[in-house]
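Here the structure comes first, spelled out in structure tokens, and everything after it is commentary.
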Amino acid sequence: MSRGTEAGAVPVEFAAAVGLLLLPVFVFVMTIAPVVERRTVAGRAAAEAARAFVIADDVASGLAAAQSIVDHINASQPFELSLDVDGDLERGSVVTAVVKVDMPLVIFPGAAEVQIAAYTATHREEVDLFRSVVP
């Protein structure tokens, strides 16, 4: 075999390896971090909103406090959370906060992201049995 027939094979193999092996790994790694971030933020937002609702004096102020927490988180994140709170403030009842956030399928850093589905985080908080009731 002559040396002239293999000339230039290494750069072609290197380009193929980068394009076929390293690029998909890079895209996968760049996609995982935002997914984990959104799940964590949604879970904490649900927990904080449920707690804010439970310690409020009445349902209206509880809803306002819970929404205020989610609005504060929305102001500091590049994605949007939506909140739904269900329950009342009777002693021993359970309040459920549901926070939804869109999850990306693929994120191209600095360019765009492709949405696939919404993630729903739910947190249940019990109203204290010995809660003080404001007259």
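The values are calculated or read from the model by the stated rules, or taken from the named source; none is laboratory data. What you see is a predicted model, and the numbers here were worked out from it, not measured in a lab. Reconstructed Cβ throughout: ideal geometry from the backbone, glycine too, with neighbour counts over all protein chains shown.
A few points about this structure:
- Set P104, P135, P109: member being at pLDDT below 80, in contact with a Lys or Arg (Cβ under 9 Å, 6 or more places away or on another chain) and not basic (K, R): P104
- Pairs linking a residue in the range 78-99 that is on the phi > 0 side of the Ramachandran plot to a residue that is crowded, with 21+ Cβ neighbours inside 10 Å, with Cβ atoms under 7 Å and 6 or more positions apart or on different chains, are G87/V95.
- All strands (runs of 3 or more DSSP E) inside the range 22-135 with 2 or more residues being loosely packed, with under 15 Cβ neighbours inside 10 Å and of a type in the set (S, T, N, Q): 112-126
- Applying a threshold of 6 Å to beta carbon distances and a minimum spacing of six or more residues, or different chains, the list of pairs starting in the range 25-38 at a residue that is under 16 Å from D102 (Cβ atoms) and ending at one that is at pLDDT 80 or above and of a type in the set (V, I, T) reads R38/V101.
- Residue match in the range 41-48 (condition: under 30 Å from F130 (Cβ atoms), out of contact with any Leu (no Cβ under 6 Å at 6 or more places or on another chain) and not small (G, A, S)): yes
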